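The values are calculated or read from the model by the stated rules, or taken from the named source; none is laboratory data. This one's a predicted model, so the numbers in the text were calculated from it and none came from an experiment. Neighbour counts run over all protein chains shown; Cβ positions are idealised from the backbone, glycine included. Side chains included, ligands, DNA and RNA excluded: accessible areas come from the protein's heavy atoms. Shrake-Rupley method; radii C 1.70, N 1.55, O 1.52, S 1.80 Å.
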Amino acid sequence: MTNNTEHKETTVGWDIGGAHLKAVLMSPQGAVIDALQLPCPLWKGLDHLSSAVAATLERFGPAPDHAITMTGELADLFTNREDGVTKLVAAMEAMLSGSGSGIRFYAGARGLVNGTTARTCPPEIASANWRASADFAAHHISDGLLLDIGSTTTDIVPLKDGKVIAQGKNDFERLDACELVYTGIVRTPVMAIAENALIGDKRVPLMAELFATMADVYRLLGRLPAEADLFPAADGSGKTAQDSARRLARMVGCDFSDKNGEIWRAMAADLAQCQRDKVREAATRVIGTAGLTSITPVIGAGCGRFLAEGIAAFLNRPYLSFADLIDVNGETGGTALREIAATCAPAMAVAWLAMSVDKSSNSAA
C-alpha cells in the first residue's frame with residue numbers, strides 16, 4: 001500500500017469495467033508498486049466511478065501519467081458503445097486532470113492515444129482491454145494461449161512468434177471465434193452454465209431464475225478468491241458456504257439442510273466442471289484455428305486463473321501464471337502483489353505499455 005505518497009515519473013494503469021475498477025501503479029522501471037480492484041457498478045451511475053477513482057488516487061497518491069482501457073462502455077447507463085466511450089473518456093479526463101499531465105487511452109492495435117483522438121475512434125477503444133494483456137504476454141512469451149478468466153468473462157487469445165494473432169477485433173467477432181466466452185467465476189448466473197445439474201444420482205433441470213451465481217459454486221468449493229468477492233450475493237444475504245449451498249439448492253426447487261450438505265457440494269463440483277468444459281472447448285477451437293503446437297503453454301490471468309491451470313492440465317499443456325511475468329517493486333513487492341496485479345492484468349498491461357512507449361520515445365530522442 002502506498003499511503004498517499006507522491007511518486008514521480010510513475011504511471012497508473014486503469015481498467016474500467018462495468019462492475020469493477022482495476023488500477024495498477026507502476027514505477028519508471030516497469031515494476032508494479034501497488035495494485036487494487038474496487039467494486040464499481042457503473043450501470044448505477046458515473047458517481048460510482050468517481051468514488052472508485054477518488055479512492056484509488058487517495059491510496060496511490062498523485063502520478064504524472066495515466067493509461068486507461070475499458071469495457072465499461074457496455075453498461076446500461078450508456079445508449080451505445082460510442083456514447084459510453086465518449087462519456088468515459090470525458091469523465092476520466094475530468095477526474096484525472098489535477099492528478100497528472102499525461103492521460104492516454106488504449107486503442108487496441110493502434111496503441112495509446114490522447115483523449116481527443118480517442119473520441120474519434122470509439123470502436124477501437126471499446127472493450128480493447130484483452131488486447132493490452134495479450135500484448136504484454138506476447139512480449140514475454142513468444143508462443144502461448146492467454147486465458148484471462150475474470151468475474152464475468154473469459155478472454156482466449158493466441159500468441160505466436162511474439163505477436164497477438166487473434167481472429168476477432170471486436171466483441172462480435174471474438175464471440176464468433178470463441179475468443180470471448182461470457183462466463184466468469186463470480187457474476188455469471190448458475191442458470192447460464194448448464195441446463196441441468198447432478199443431484200445425487202440423477203441430473204435435474206435448473207430453474208431459469210437468478211437464485212445463485214458462480215460465486216456460490218466456488219465459495220462452497222473453497223476456491224473463490226477473497227479479492228474477487230466484492231458484490232452482494234444474488235439474494236443480498238450472507239456469504240458463508242452454507243448460504244451458498246442454500247442458494248444452489250433453490251436452483252433445483254429444494255431447501256438446504258446440514259443433513260444433505262454433501263449433495264450441494266457435489267452439485268457445485270458438477271457446475272464447476274461444466275464451466276471448465278465450456279472454456280476448454282472454446283480454447284480447443286482457438287488452438288486449432290491458430291495452429292498452436294502441443295508444447296505451447298497456457299497463460300492464466302484474472303481472478304479465475306486457477307481454472308486456466310486446470311484446463312492446461314486437461315489439455316496436457318504447460319501452465320504459466322501471468323503473475324510470473326510481472327516485476328514488482330523491491331520495497332513493496334512480493335508474491336501477494338504479483339497475484340493482485342495478475343488479477344488486474346489489463347490495468348497492469350496498459351501501464352507497462354505506456355512505460356514502454358515513453359522509454360522508446362526517450363531513446364529515440
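Summary table
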| item | result |
| --- | --- |
| Conditions (1) more than 30 Å from Arg131 (Cβ to Cβ); (2) under 17 Å from the mean Cα position of the chain (by Cα): number failed by Leu220 | (2) |
| Within region 206-233, tally of residues that are surrounded by 14 or more Cβ atoms within 10 Å (Cβ to Cβ) and modelled with pLDDT of 95 or more | 17 |
| Failed condition for Met251, given (1) of a type in the set (A, V, I, L, M); (2) within 25 Å of the chain's Cα centre (by Cα); (3) within 26 Å of Asp201 (Cβ to Cβ) | (2) |
| Selection within region 235-272 - open to solvent by 40 Å² or more (accessible area, probe 1.4 Å) and either among the hydrophobic types (A, V, I, L, M, F, W, C) or touching a His at 6+ places or on another chain (Cβ under 6 Å) (or both) | Ala241, Cys254, Phe256, Ile263, Ala266, Ala269 |
| Qualifying residues in region 138-150 (those that are surrounded by fewer than 24 Cβ atoms within 10 Å (Cβ to Cβ) and of a type in the set (A, V, I, L, M)) - the one farthest from Thr71 (Cα to Cα) | Ile141 |
| Test: residue in region 123-132 that is surrounded by fewer than 16 Cβ atoms within 10 Å (Cβ to Cβ) and at pLDDT below 95 | no |
